[in-house]
Amino acid sequence: MQKETIETILLLWDAKEKKLAMKMTSNKKDLRSYTIRYNDKGNGATFSAKTFLDHIGIDYSQRKGIPININANSEYFLEVAIPDTCFKKEGVQRTQFRIPSSQ
């Protein structure tokens, strides 16, 4: 990606199949795109997608390894089937705090 001077990517979500895909884009003005930051040594890259992960309901409180498919020759260069164990549990009750009334 760095050799191709790719600076932004799109994250795509298929809720029915529970698949995430990444697609390179050159449109930096696309509000849906994520900016890639390359490691100075050229051995890695990062981007922040917390809002996207929150939107699709991913539980990222712990690291979990999942297999990915990389195909540099495809429109979607990376595809991931997200297992059910990676999603936040629905119906989890959260602790509610009460503020004591001042009497």
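Coordinate-derived values only; no laboratory data. Only a predicted model underlies this, so the values are computations on that prediction, with no experimental measurement involved. Cβ atoms come from the backbone with ideal geometry, glycine included; neighbour counts cover every protein chain shown.
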Query raised in the report: Got a sec to turn the phi values of the stretch 10-17 into Karplus ³J(HN,Hα) couplings, 6.51 cos²θ - 1.76 cosθ + 1.60 with θ = phi - 60°, whole Hz, x for Gly and Pro?
Result: 10, 9, 10, 10, 10, 5, 5, 8
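Of the listed peptides 77-85, 19-27, 38-46, what is their order by residue-averaged count of other C-beta atoms within 10 Å, with the highest listed first?
Numbers: 77-85: 13.8, 19-27: 15.9, 38-46: 9.8.
Highest to lowest by the protection proxy: 19-27, 77-85, 38-46.
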Report summary line: The set of residues whose placed amide H lies less than 5 Å from the amide H of K88, leaving out same-chain residues fewer than 5 positions away, is I58, D59
Requested in this report: Among Y34, Y76, Y60, rank each residue by its count of other Cβ atoms within 10 Å, from fewest to most, as a rough exposure measure.
Outcome: Y60, Y76, Y34
Query raised in the report: In whole Hz, what ³J(HN,Hα) sequence does the stretch 40-56 give by Karplus (6.51, -1.76, 1.60; θ = phi - 60°), x for Gly and Pro?
Result: 4, 7, x, 10, x, 8, 9, 7, 9, 9, 4, 4, 5, 5, 4, 4, 8
Query - Fully extended contour minus Cα-Cα distance, from K29 to T51, at 0.36 nm per residue - result: 6.1 nm
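Would you mind estimating how fast the stretch 8-86 diffuses translationally, via Stokes-Einstein at 4 °C and 1.567 mPa s with the Kirkwood radius over Cα pairs, in µm²/s?
Estimated diffusion coefficient is 94 µm²/s.
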Report task. Could you run the Karplus curve 6.51 cos²θ - 1.76 cosθ + 1.60 with θ = phi - 60° over the stretch 21-38 and give me ³J(HN,Hα) per residue in whole Hz, x for Gly and Pro? Result -> 9, 10, 9, 6, 9, 9, 7, 5, 8, 5, 5, 8, 7, 10, 7, 8, 10, 8
Query - Extension reserve of the A72-R37 stretch, reckoned as 0.36 nm per residue once the Cα distance is removed - result: 10.7 nm
